[in-house]
Amino acid sequence: MCRLLLILVLASWQAFPWAGESIAVVAAAGSRLDKLSLDTVKLIFKRKSMVNAYGDRWIPVNLPPAHPLRRLFSLAVFDALPEDMEEYWNEQYFQGINPPEVLSSEEAVLRFVAATPAAIGYVRQAQADARVKILLRIPSTGDLGEPP
Amino acid sequence: MLARLLLFLLSVLVLSAARAEPGGDGSSYQLGRGLAVGDTGIRFGGYASVEAGAPSPGPWEFSVSDLSLFTTWTDHAHWRFFSETEVGEALTAGGNQGFSTRNAHFELERLYIDRLFDDLFSLRFGKFLTPVGRWNLLHASPLTWTTTRPVATYDLFSKHATGLMLHGGFPVLDRHMDYAFYADLTEDLDPYRSADPFDNALGSHWLYSLADNLELGLSYVNYQLHDDPSHRFNLVGVEGAWFYRRFELNTEWVYRNGGLQGLYQGFVQGVAPLVSHWYAIGRYEYFDQVQQPAGQLGVFGLAFRPVPPLVWKVEYRIGSHNEISAPDGLYGSFAVLF
């Protein structure tokens, strides 16, 4: 079912000018981290991993649930759409853990990540500029999780 | 007067719940996410539930069973605070009485602070839910599928512990393992003693994610109960949870020795989606009892969950040797996480 949704999202993705681009998981340009695995990104965005290898608290940021890139990211990383994660986040909320904060656009993600140590977000690869460092590329097709 | 005020607040809550939009996770208020206070790191939230039951034999009963308030705080670095305060049975009524607030009582469900060192080690101090099985850790009515709670999830151990917990997670064979070691040091730390508290306890809980939709867990706790200081108990528990699309299968089993006899208790519960937001629930329970033959239960229920933080439930429970622990009857509830 989720694979079918992924195909549908990818099909709708073709309507966008950035069709076929990879998703770039990014941190600040000065980050001491060089790369992350897909499993680590999954743990960070599920708030299962709270602290990075240097002892800093992760600050993951999401795009809005209806944003096409958020939906593709969610399917690629969690094999589930944002609305399918609601029960998970309700359970986490009961244990005092909240989902990543939401920023309205890729530019907002880039600005926040560039200015915030230990912040981590995702944008289209073509949007990732000198302000940020790419820690993981998630191809829109093919194998997932290939490090940069 | 208080009863009317509570009913008014509950009505406002229900109406707010009906209007709220699920699915987002921004910083403005959303049902099931609480309310963040600016950039202070403070967030308020909670849940409420209303229950009605018609046990057999016995008069019908109604209660605003839980009004819980969560307060969380984080410094966005290494400290995290969480508290859950609750007004239990804020409003009750039944076959033998009209609406009344005389059973209302305050409970401190949880109050702890976490120091995060890294993903492997975090230290918790305070009052927390005893990590035995999945149900006790996620027992809030909006998160469960039935109004009644399986006997195995509360009968043989204290639902809360007060003291220290070392917890964290690490990868094992490309999957994730969560663990907790905890010690209930003294009941003196908890001025609002919960029902049947530990006198002292040492325990551990391990939860392994075999797949994104399959979890297996193991619990162990050695303890003395405040109300039964003549015995020291050992309890071992196993748990499993499997999810596929909107289907669920959960099971928990515990074995306790150290008293007059060893006792087994457990349950298996299945959830299947029906049309739209309706679900069917079936549960089998088995529970050894100290002074009675082993009890068995079947629970058959329906749940309507229009959005994840909000649920209506109705179920019928029937069994054998269950008159004291979990009587037959029809039970229903409404719950919302806010």
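The values are calculated or read from the model by the stated rules, or taken from the named source; none is laboratory data. These numbers come from a predicted model, not from an experiment. Neighbour counts run over all protein chains shown; Cβ positions are idealised from the backbone, glycine included. Each accessible area value is taken on the protein alone, full model and side chains, heavy atoms only, with ligands, DNA and RNA left out. Shrake-Rupley method; radii C 1.70, N 1.55, O 1.52, S 1.80 Å.
For region B:74-91, the count of residues that are farther than 27 Å from B:T162 by Cβ and buried (at least 21 other Cβ atoms within 10 Å of the Cβ) is at least one. One residue stands out in region B:324-338 among those that are in contact with a helix residue (DSSP H, G or I) (Cβ under 9 Å, 6 or more places away or on another chain) and part of a strand (DSSP E or B): the one that is surrounded by the fewest Cβ atoms within 10 Å (Cβ to Cβ), namely B:F334. Just one of the listed residues (B:D199, B:D178) is among the acidic types (D, E), within 20 Å of B:H167 (Cα to Cα) and part of a strand (DSSP E or B), and it is B:D178. Scanning region B:99-124 for residues that are open to solvent by less than 50 Å² (accessible area, probe 1.4 Å) and over 30 Å from A:A53 (Cβ atoms) yields B:S100, B:T101, B:A104, B:L108, B:E109, B:R110. Do we have any residue at all in region B:125-138 that's open to solvent by 20 Å² or more (accessible area, probe 1.4 Å), within 11 Å of the chain's Cα centre (by Cα), within 13 Å of chain A (Cβ to nearest Cβ) and over 30 Å from A:N52 (Cβ atoms)? Yes, that holds for at least one residue. Any idea which of B:S158, B:S141 is crowded, with 20+ Cβ neighbours inside 10 Å, in contact (Cβ under 8 Å) with a residue 12 or more places away in the chain and either over 30 Å from B:A294 (Cβ atoms) or within 11 Å of another protein chain (Cβ to nearest Cβ) (or both)? Going through B:S158, B:S141 in turn, just one is crowded, with 20+ Cβ neighbours inside 10 Å, in contact (Cβ under 8 Å) with a residue 12 or more places away in the chain and either over 30 Å from B:A294 (Cβ atoms) or within 11 Å of another protein chain (Cβ to nearest Cβ) (or both): B:S141. Of the residues screened, B:E89 is not one that is within 13 Å of another protein chain (Cβ to nearest Cβ) and either within 17 Å of the chain's Cα centre (by Cα) or more than 30 Å from A:T116 (Cβ to Cβ) (or both). Here B:G53 fulfils each of the conditions (1) out of contact with any helix residue (DSSP H, G or I) (no Cβ under 6 Å at 6 or more places or on another chain); (2) within 13 Å of chain A (Cβ to nearest Cβ) apart from (2). Of all residues assigned to region B:227-238, none qualifies as being part of a strand (DSSP E or B), open to solvent by less than 60 Å² (accessible area, probe 1.4 Å), farther than 20 Å from B:Q289 by Cβ and of a type outside the set (A, V, I, L, M). For region B:283-323, the set of residues classified as in a loop (DSSP other than H, G, I, E, B) and either open to solvent by less than 10 Å² (accessible area, probe 1.4 Å) or more than 29 Å from B:L31 (Cα to Cα) (or both) consists of B:D288, B:Q289, B:V290, B:Q291, B:Q292, B:P293, B:A294, B:P309, B:H321, B:N322, B:E323, listed by residue number.
Taking region A:41-64 only, how many residues are under 12 Å from the mean Cα position of the chain (by Cα) and more than 18 Å from A:G96 (Cβ to Cβ)? The qualifying residues number 6.
The strands (runs of 3 or more DSSP E) found wholly in region B:56-137 and carrying at least 1 residues that are under 24 Å from A:N90 (Cβ atoms) occupy B:61-74, B:79-94, B:105-116, B:122-129. Close contacts from region B:75-88, counting a first residue that is under 23 Å from B:F121 (Cα atoms) and a second that is of a type in the set (D, E) and at pLDDT 95 or above, with Cβ to Cβ under 9 Å and a gap of 6+ residues or different chains, come to B:H78/B:D114; B:W79/B:D114; B:R80/B:D114; B:F81/B:D114; B:F82/B:D114. Among the helices (runs of 4 or more DSSP H) confined to region A:12-126, the ones with at least 1 residues that are surrounded by fewer than 21 Cβ atoms within 10 Å (Cβ to Cβ) and away from every other protein chain (no Cβ under 14 Å) are located at A:68-78, A:106-115.
Among the residues of region B:1-59, count how many are modelled with pLDDT under 80, acidic (D, E) and open to solvent by 50 Å² or more (accessible area, probe 1.4 Å). Residues flagged as modelled with pLDDT under 80, acidic (D, E) and open to solvent by 50 Å² or more (accessible area, probe 1.4 Å) within region B:1-59 amount to 1.
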